[in-house]
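*Asks:* Supplied in structure tokens, the structure appears directly below.
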Amino acid sequence: MPPELNDMVIDYLHDDFDSLKNCSLTCRAWLPACRMHLFRRMTCKKSPLHAITKFIHCSPHLGPYVKELRV
């Protein structure tokens, strides 16, 4: 399939996290677009500083995908 169609499918699923997780496992080409939607918004309810620090320490490659942080 052309990459544009892949992006359209993944963008359609922007708020269905279970489907995005499954799509991210489909193939490597789908992974960046899925991560963009999965990690776009981070919400920390308890101990926000600890959660953010742990996230950045354990997965530094995911940091650029976070666009909104809710504390």
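Values quoted throughout were computed directly from the atomic coordinates according to the rules given, and no laboratory measurement underlies them. It should be emphasised that the depicted structure is a prediction, and the values quoted were computed from it without experimental measurement. Cβ atoms come from the backbone with ideal geometry, glycine included; neighbour counts cover every protein chain shown.
*Asks:* Give the range 17-37 a look and list any residue that's aliphatic (A, V, I, L, M), surrounded by fewer than 17 Cβ atoms within 10 Å (Cβ to Cβ) and either within 11 Å of the chain's Cα centre (by Cα) or within 18 Å of residue 64 (Cα to Cα) (or both), or say none.
*Replies:* Within the range 17-37, 29, 31 qualify.
*Asks:* Only one of (1) surrounded by 12 or more Cβ atoms within 10 Å (Cβ to Cβ); (2) among the aliphatic types (A, V, I, L, M); (3) not in a strand (DSSP E or B) is not met by residue 42, so which one is it?
*Replies:* Every condition holds for residue 42 apart from (3).
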